Amino acid sequence: MTPPRRGQPGNPQRPGNWQGKAGDETAGLAARKAAARLLAAVIDARTPLDGLTDNEHGHPQYKALDGRDRALVRAILVTALRHRMTIAGLLSKRLEKPLPANATALSHILNVAAAQILFLDVPDSAAVDLAVTHAKSDPRTTRFSGLVNGVLRSLARAKDAELAPALAATSEAPQWFSERLVAAYGADKARAILAAHRHEAPVDFTVKADPALWAERLGGIVLPTGTVRVEKLAANVTDLPGFADGAWWVQDAAASLPARLFGDIGGQRVADLCAAPGGKTAQLILAGASVTAVDTSKNRLARLKQNLDRLALTAELVQTDLLDYRPAKLFDAVLLDAPCSSTGTVRRHPDVPWTKTMADVEKLADLQRRLLAHAVTLVRPGGRIVFSNCSLDPIEGEELYRAFLAETPSVAADPIRPGEFAGFDPFLTPEGTLRTTPADLALGPPGISGLDGFFAARMKRTG
């Protein structure tokens, strides 16, 4: 539902001269300092990138920049995170010995410059010179300015010969994440998922009606599930045809699947739990349901209302902790798109593997189990429950679902049948649940292929 920001995941297109503007202490230095500072926040403090680069509530160094430099910082950070292991390997080849454990500031300066040299449309000389100036300006790194100069100039000279082999030999993920993917999907599928993470995700649109028409107008294609997909936008989302008229909203194709699992819900009372930003709420309303959207965050609900207003759709909005929510009347159906580790969204959010840990996955799975147990109490006997999230880890998906069914006698599986929904069959599991990954939906070029990682299961309350 939120328009993607320009310069986000993997977009190397620069909105102007990325060397900076006249009047800086050194043209472009403030942007590089901000990039290194924010990279430190992601890697060292496990701070999510979206919050750091929020235009209203982001990091002060980021907010102090103009729009052009903010776009550069976002592009550097996304690139440095998307290719972190390749960059680390190429840098380490140029160091006589590993950097000291306490030399994190130096490491971030090198990574910021290397991302520009290897992947972005920035002159090598500018990237090197600004990194050296940055190193000299920081008391922690002043004595290493010569090393910065030597390492980065060597990298610039060798990139044409070394980058492709390094990419072929490297997986861009921390060890915990790679191990979980292999355990869940096997080595081959894990490699395919990690390869997909190197590419910027396309932009998907859920349209109110006539997907073929909107594919033509937006310059995209219609996926088998009915989503309109555009590889790269020619303008900001808010400037595209149909935005002001509320004809569509941005929603990954995988994220659009769970709300459709209810089938015909015309005239039914449906609760969308953890509803913001409202893409699934809009789907349920368009399907003819009377929808109650529940979320714990006042700000997120306000954003949901703004989105629904643009789409000329209405729902009852309830702000509360879901575990405290007890409606006066039970619902006919409940959708719980639960908070999760978001490991299925790495193409759009390459910071996720670096800001999450296995302990986070396990903690979130426990929260999901408690939320699901409460969600069941909100639906009438005979009513449907759809549980979903955007995690790739079975601990938050398949394993949680099986355990919940085994321990909850009042709920039965309601499997999704082959052929029940157009375009869904490739994502069905033998248990009748949905599982998508970034390696699915191969449509040729990686920029037009793939899906967010999603799990969804349908159940029925029996008592």
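Residues in the range 55-78 that are surrounded by 14 or more Cβ atoms within 10 Å (Cβ to Cβ) and in a loop (DSSP other than H, G, I, E, B): G58, H59, L65. Screening the range 143-260 for strands (runs of 3 or more DSSP E) wholly inside it with 3 or more residues that are crowded, with 22+ Cβ neighbours inside 10 Å returns the ranges 203-207.
Take A328 and decide whether it is closer than 30 Å to W248 by Cα, surrounded by fewer than 21 Cβ atoms within 10 Å (Cβ to Cβ) and either under 24 Å from the mean Cα position of the chain (by Cα) or small (G, A, S) (or both). The answer is no for A328. Within the range 77-99, the residues that satisfy the criterion of being out of contact with any Ser or Thr (no Cβ under 8 Å at 6 or more places or on another chain) and under 21 Å from Q175 (Cβ atoms) are A80, L81, R82, H83, R84, I87, A88, L90, L91, S92, K93, L95. Of all residues in the range 143-194, those satisfying the criterion of being over 22 Å from L118 (Cα atoms), among the basic types (K, R) and in contact (Cβ under 8 Å) with a residue 24 or more places away in the chain are R180, K189. In the set (1) surrounded by 21 or more Cβ atoms within 10 Å (Cβ to Cβ); (2) among the aliphatic types (A, V, I, L, M); (3) free of Cβ contacts under 8 Å to residues at least 60 places away in the same chain, L405 fails one condition alone, (1).
Condition check ((1) under 30 Å from R303 (Cα atoms); (2) over 21 Å from the mean Cα position of the chain (by Cα)) across all residues:
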| site | (1), (2) |
| --- | --- |
| F177 | no, no |
| D188 | no, yes |
| K208 | yes, yes |
| T227 | yes, no |
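Meeting the requirement of 3 or more residues that are free of Cβ contacts under 8 Å to residues at least 40 places away in the same chain and touching a helix residue (DSSP H, G or I) at 6+ places or on another chain (Cβ under 7 Å), the helices (runs of 4 or more DSSP H) wholly within the range 282-398 are 358-376. Taken together, the criteria exclude R140 from residues that are of a type outside the set (G, A, S), in a loop (DSSP other than H, G, I, E, B) and under 21 Å from T170 (Cβ atoms). Cβ-Cβ distances below 7 Å connect the following pairs, each with a first residue in the range 74-98 that is basic (K, R), a second residue that is assigned to a helix (DSSP H, G or I) and crowded, with 19+ Cβ neighbours inside 10 Å, and a separation of six or more residues or different chains: R94/V151; R94/L155.
Where a number appears in this text, it was derived from the coordinates with a stated rule and is not lab data. Since the model is a prediction, treat every value here as computed from it, not as a measurement. Neighbour counts are summed over all protein chains in view; Cβ atoms, including those assigned to glycine, are modelled from backbone coordinates with ideal geometry.
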